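Take this structure first; my questions come after.
The values are calculated or read from the model by the stated rules, or taken from the named source; none is laboratory data. In this text, all values refer to a predicted model and were calculated from it rather than measured experimentally. Positions of Cβ are backbone-derived with ideal geometry, glycine not excepted, and every protein chain shown enters the neighbour counts.
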Amino acid sequence: MAQPERPLRADAVRNRARVLAVAYETMAVEGLSVPIDEIARRAGVGAGTVYRHFPTKEALFGAVVEERLQQMVTSGRDLLRAAVPGDALYSFIKWMVIQGAADLGLAQAMAGYGIDVNVVAPQAEAEFLGLLGDLLAAAQQAGTARSDVTVPEVKALIVGAQAMQGYNPAVAERVIDIVLDGLRPR
């Protein structure tokens with residue numbers, strides 16, 4: 001019979017939280033290619049400490065991406081409750097694009113660069129896609145979004161607009177407006 005897991009000591013809890021915070025900060029600026037040893041160094045812990053909590057780079061990045069997607073879903077749900085349905089979709093897409101410009105790791109994860117979100121954070125990805133579906137359905141029911149647009153297409157638009165932000169930020173806002181106009185009914 002397997003022994004039940006013991007709760008983590010207070011210092012182990014602090015180390016895990018520090019590693020996650022540093023991994024998030026590092027990924028946001030440098031993307032998903034940052035080595036675990038570098039994250040450990042910046043967190044002030046040994047690589048063994050990181051591997052004790054996260055046995056693979058994918059596990060660490062999955063935990064970071066899962067937390068970020070959960071934050072996005074929470075924000076999107078709040079927006080859906082507070083805003084006019086059609087406005088909620090457009091506001092959320094714009095916000096996601098802006099977040100992607102400030103968070104290279106999230107933008108790369110959403111684009112499938114370096115990790116497969118469906119593998120490392122399947123529940124968070126499912127909740128994110130569910131939120132997109134709810135936002136899109138509300139906008140379609142309100143008549144502010146085209147009825148032939150699907151959730152995968154909205155996600156692709158977000159990913160594309162995030163990539164465009166990094167390519168040419170000077171025209172990014174105008175291009176986002178053009179993309180959003182393409183979602184509106186003809």
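Name every residue in the stretch 140-159 that is part of a helix (DSSP H, G or I) and buried (at least 17 other Cβ atoms within 10 Å of the Cβ), in order of residue number.
Of everything in the stretch 140-159, those that are part of a helix (DSSP H, G or I) and buried (at least 17 other Cβ atoms within 10 Å of the Cβ) turn out to be Gln140, Val151, Val154, Lys155, Leu157, Ile158, Val159.
A further question follows. Give the stretch 34-64 a look and list any residue that's outside any helix (DSSP H, G or I) and loosely packed, with under 13 Cβ neighbours inside 10 Å, or say none.
Pro35, Gly44, Pro55, Thr56
Within the set of pairs 6+ apart or on separate chains, which have a first residue in the stretch 1-28 that is part of a helix (DSSP H, G or I) and surrounded by 12 or more Cβ atoms within 10 Å (Cβ to Cβ), a second that is modelled with pLDDT under 85 and of a type in the set (D, E, K, R), and C-beta atoms under 6 Å apart?
Final answer for the pair search is Ala28/Asp103.
Also: Here is a list: Arg16, Arg52, Arg41. Which entry is in contact with a His (Cβ under 7 Å, 6 or more places away or on another chain), of a type in the set (D, E, K, R) and at pLDDT 80 or above?
Just one listed residue meets the conditions, Arg16.
Test Gln162 against the criterion of being assigned to a helix (DSSP H, G or I), within 17 Å of the chain's Cα centre (by Cα), within 15 Å of Gln71 (Cα to Cα) and at pLDDT below 90, and give yes or no.
no
Another one. Quick one: count up the residues across the stretch 65-112 that are among the aliphatic types (A, V, I, L, M), part of a helix (DSSP H, G or I) and modelled with pLDDT of 80 or more.
Residues flagged as among the aliphatic types (A, V, I, L, M), part of a helix (DSSP H, G or I) and modelled with pLDDT of 80 or more within the stretch 65-112 amount to 12.
Search the stretch 67-106 for residues being small (Gly, Ala, Ser) and more than 22 Å from Thr26 (Cα to Cα), and hand back the single one that is surrounded by the fewest Cβ atoms within 10 Å (Cβ to Cβ).
Filtering the stretch 67-106 for residues that are small (Gly, Ala, Ser) and more than 22 Å from Thr26 (Cα to Cα), the one surrounded by the fewest Cβ atoms within 10 Å (Cβ to Cβ) comes out as Ala82.
Out of all the residues in the stretch 142-159, which are over 20 Å from the mean Cα position of the chain (by Cα) and over 15 Å from Tyr90 (Cβ atoms)?
Of everything in the stretch 142-159, those that are over 20 Å from the mean Cα position of the chain (by Cα) and over 15 Å from Tyr90 (Cβ atoms) turn out to be Ser147, Asp148.
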